[in-house]
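Step one of this worksheet: look at the structure below.
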Amino acid sequence: MILRTLLLLILSLTFTCCSNKPSDLRLSRVEGLLSESPKEAWDSLSAINYDLLSDADKHYYDFLSVKVADKAYLTHSSDSLILKVIDFEFKHQKNGRYPEALYYGGRVYSDLGDYPTSLHYFQDALKSLPSNSGNQELRCNILSQTGRLLTALSLYDEAIPYIHEALEINRHLQDTTNIIYGLQLLGGTYLRNSNYDLAEKYFKESIGFSVHQPSYHMAKSRMYLAAVKHKQGELDSALSYIRNTSEEVKPMVRNSVLGYASNIYLDAGILDTAYIYAKDLISNNDPTHKEIGYQVLLSPELRKYIEIDTLNQYISEYRTILESFYDENNMQLSINQQSLYNYQLHENQKAKAERLSNILKNWIVGFIFLAILLVLISLYFKNKSKNNIIELQQALANIEKLKLELVTSQLKQSSDIGQTIINQTEEIAPVITHNSPKSTEQELRECLKKELLTLYESASAQSSISPIILQSIAYQKNPRIHSRGKNYKKRVMFFGVKSNKLSYLVLLNLR
């Protein structure tokens with residue numbers, strides 16, 4: 001009983017230690033909070049003591065740390081944690097989190113500005129999550145992020161198919177919010193690609209889906225429509241769309257509205273409103289699109305209304321922004337070059353591994369082919385040898401028959417002896433035919449050669465009848481003897497003279 005208890009305890013500990021599944025329910029609750037409140041999920045995750053978790057729970061905690069930070073719109077500043085997560089999930093793909101880990105790898109490198117590496121992870125995530133998989137929401141997110149990244153890289157034609165596929169998945173799932181985001185992303189890509197008609201089409205469609213949704217969705221679509229109309233030169237329509245949108249959009253989009261609005265009002269000649277929007281744009285804490293505000297304030301239409309000291313200040317600040325852009329572009333160029341080098345190195349290593357694999361496969365295929373060829377050749381010669389043995393055995397049997405018939409023809413005058421020999425012939429023939437199945441081909445050839453020589457010598461010795469007998473009166477008068485003599489001569493001629501040629505040919509072959 002004690003032994004059984006100890007055994008069960010050991011097995012239980014073994015299964016517990018070998019299991020990679022998280023056991024802390026707090027981690028599961030954190031993941032459940034993500035869709036409702038990413039901030040609350042982040043606070044709950046931060047309250048968990050990492051050092052007290054099991055190994056499996058620590059890996060799950062690392063995964064959730066990246067996921068919660070991304071959902072909470074926190075900018076990723078390092079790739080060390082996500083690389084650790086991806087490595088673990090790759091080795092434990094039965095957990096089902098590997099495609100999602102690759103997706104967040106793409107998100108991390110996107111925040112780091114390493115777009116080629118980010119794109120590489122998104123592509124790997126799509127490969128590990130085929131179109132017929134059950135997790136269509138994750139696949140849709142990967143497609144959408146891939147399209148967004150390609151748009152940022154100005155690869156518009158390449159981005160559009162990804163965005164279309166993501167949009168179709170959202171339509172199938174009847175996810176209205178993501179349909180709106182997808183239409184806005186698709187319209188924005190066409191806008192940057194100067195395809196204003198299609199951009200207008202998708203922005204208007206997004207407005208249709210935004211009717212019963214929060215107002216910031218429609219406000220963002222109106223902002224984009226104002227930009228389209230501005231590009232098309234329809235300033236009145238642009239003004240109607242852009243009016244009051246800055247107060248309705250989300251804070252992260254507000255500077256985009258201010259940038260579009262300041263340019264639209266400037267081109268429309270409404271300088272005071274253009275100045276207000278541009279001044280607001282350069283004064284708030286959001287660093288995005290500030291260059292647009294300085295461009296508007298330093299435009300010929302507005303700078304004449306600005307004091308010289310303030311104008312010099314704007315010029316200095318604008319110069320600082322341009323220099324930072326220049327530095328960022330150089331840094332981005334360095335990152336892209338490093339990513340390209342790493343990618344080429346990876347491709348070279350991959351090509352080398354594939355070449356070695358192909359060489360190994362070719363050697364294996366060649367070895368298998370050679371082995372099969374040798375087996376076939378061996379079987380061919382083995383069967384050929386068997387056929388020769390059978391033919392030689394049959395030839396020996398036939399020679400025995402011929403010898404017995406020759407003896408029978410000589411002794412047929414004695415019916416008892418002849419009958420005995422005939423019976424012996426019938427008995428011996430099948431025995432000889434089937435005898436010695438294990439004899440080698442060389443042994444049978446020697447035996448056949450010996451028998452043929454014996455037959456030849458016997459036939460040669462009896463191939464002629466004495467002329468005295470043939471010319472005798474008794475021989476001529478007795479028709480029975482005369483007939484037998486002719487038959488005997490014929491037999492001798494057949495087995496002796498005529499068979500000499502056959503024997504000669506066979507002997508040549510045997511030699």
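The values are calculated or read from the model by the stated rules, or taken from the named source; none is laboratory data. Because the structure is a prediction, the values reported are computed rather than measured. Ideal geometry is used to build each Cβ from the backbone, glycine not excepted, and the neighbour counts take in all protein chains shown.
Check residue 118 against each of (1) on the phi > 0 side of the Ramachandran plot; (2) surrounded by 15 or more Cβ atoms within 10 Å (Cβ to Cβ); (3) among the small types (Gly, Ala, Ser) and name the one condition it does not meet.
(1)
Could you tell me whether any residue of segment 136-149 is free of Cβ contacts under 8 Å to residues at least 24 places away in the same chain and within 31 Å of the chain's Cα centre (by Cα)? Working first, answer last.
First pass over segment 136-149, keeping only residues free of Cβ contacts under 8 Å to residues at least 24 places away in the same chain: none.
No.
Which residue is farthest from residue 86 (Cα to Cα), if the candidates are limited to segment 44-63 and must be of a type in the set (Phe, Trp, Tyr) and crowded, with 18+ Cβ neighbours inside 10 Å?
Selected residue: 61.
Return yes when residue 225 is touching a residue at least 24 places away in the same chain (Cβ under 8 Å), part of a helix (DSSP H, G or I) and closer than 16 Å to residue 203 by Cα and no when it is not. Give the steps one after another, and end with the answer.
Details: touching a residue at least 24 places away in the same chain (Cβ under 8 Å): yes; part of a helix (DSSP H, G or I): yes; closer than 16 Å to residue 203 by Cα: yes.
The answer is yes for residue 225.
Which members of segment 162-197 meet the condition of being farther than 16 Å from residue 137 by Cβ, without any contact (Cβ under 8 Å) to a residue 12 or more places away in the chain and assigned to a helix (DSSP H, G or I)?
Once the filter is applied, which keeps residues that are farther than 16 Å from residue 137 by Cβ, without any contact (Cβ under 8 Å) to a residue 12 or more places away in the chain and assigned to a helix (DSSP H, G or I), segment 162-197 yields only 197.
Just the residues that are surrounded by 15 or more Cβ atoms within 10 Å (Cβ to Cβ) and either out of contact with any helix residue (DSSP H, G or I) (no Cβ under 8 Å at 6 or more places or on another chain) or on the phi > 0 side of the Ramachandran plot (or both), please, taken from segment 271-294.
Result: 276, 289.
Answer yes or no: is there a residue in segment 310-324 that is of a type in the set (Lys, Arg) and either in contact with a strand residue (DSSP E or B) (Cβ under 9 Å, 6 or more places away or on another chain) or farther than 24 Å from residue 221 by Cα (or both). Walk me through how you get there before you give the answer.
Initially, segment 310-324 is screened for residues of a type in the set (Lys, Arg), giving 319.
From what's left, either in contact with a strand residue (DSSP E or B) (Cβ under 9 Å, 6 or more places away or on another chain) or farther than 24 Å from residue 221 by Cα (or both): 319.
The answer is yes; a qualifying residue exists.
For the subset of segment 198-217 comprising residues that are touching a residue at least 24 places away in the same chain (Cβ under 8 Å) and in a helix (DSSP H, G or I), which member is farthest from residue 155 (Cα to Cα)?
Per the stated criteria, the residue is 215.
Of all residues in segment 259-296, count the ones that are over 19 Å from residue 310 (Cβ atoms) and within 52 Å of the chain's Cα centre (by Cα).
Within segment 259-296, residues that are over 19 Å from residue 310 (Cβ atoms) and within 52 Å of the chain's Cα centre (by Cα) number 10.
Does residue 361 count as basic (Lys, Arg), farther than 30 Å from residue 118 by Cα and outside the structural domain of residue 262 (by TED's automatic domain parsing)? Working first, answer last.
Values: basic (Lys, Arg): yes; farther than 30 Å from residue 118 by Cα: yes; outside the structural domain of residue 262 (by TED's automatic domain parsing): yes.
Yes; evaluated as a whole, the condition is true for this residue.
Among the residues of segment 108-127, write down those that are closer than 24 Å to residue 57 by Cα and free of Cβ contacts under 8 Å to residues at least 40 places away in the same chain.
Scanning segment 108-127 gives a single hit, 125.
Looking at the structure I just gave you, is residue 125 buried (at least 16 other Cβ atoms within 10 Å of the Cβ), touching a Gly at 6+ places or on another chain (Cβ under 8 Å), among the small types (Gly, Ala, Ser) and closer than 26 Å to residue 76 by Cα? Break it down into steps so the answer makes sense when it comes.
Numbers: buried (at least 16 other Cβ atoms within 10 Å of the Cβ): yes; touching a Gly at 6+ places or on another chain (Cβ under 8 Å): yes; among the small types (Gly, Ala, Ser): yes; closer than 26 Å to residue 76 by Cα: yes.
It is true that residue 125 is buried (at least 16 other Cβ atoms within 10 Å of the Cβ), touching a Gly at 6+ places or on another chain (Cβ under 8 Å), among the small types (Gly, Ala, Ser) and closer than 26 Å to residue 76 by Cα.
Restricting to segment 281-294, what's the tally of residues that are without any contact (Cβ under 8 Å) to a residue 24 or more places away in the chain and in a helix (DSSP H, G or I)? Walk me through it before giving the result.
Going through segment 281-294, the residues without any contact (Cβ under 8 Å) to a residue 24 or more places away in the chain turn out to be 283, 285, 287.
When the remaining residues are screened for being in a helix (DSSP H, G or I), the result is 283.
Result for segment 281-294: 1.
Scan segment 151-161 residue by residue and report those that are aliphatic (A, V, I, L, M) and assigned to a helix (DSSP H, G or I). Give the steps one after another, and end with the answer.
As a first pass, look at segment 151-161 and keep what is aliphatic (A, V, I, L, M): 152-153, 155, 159-160.
Those that are aliphatic (A, V, I, L, M) and assigned to a helix (DSSP H, G or I): 152, 159, 160.
Checking residue 82 against (1) crowded, with 21+ Cβ neighbours inside 10 Å; (2) in a loop (DSSP other than H, G, I, E, B), which test does it fail?
Of (1) crowded, with 21+ Cβ neighbours inside 10 Å; (2) in a loop (DSSP other than H, G, I, E, B), only one is false for residue 82: (2).
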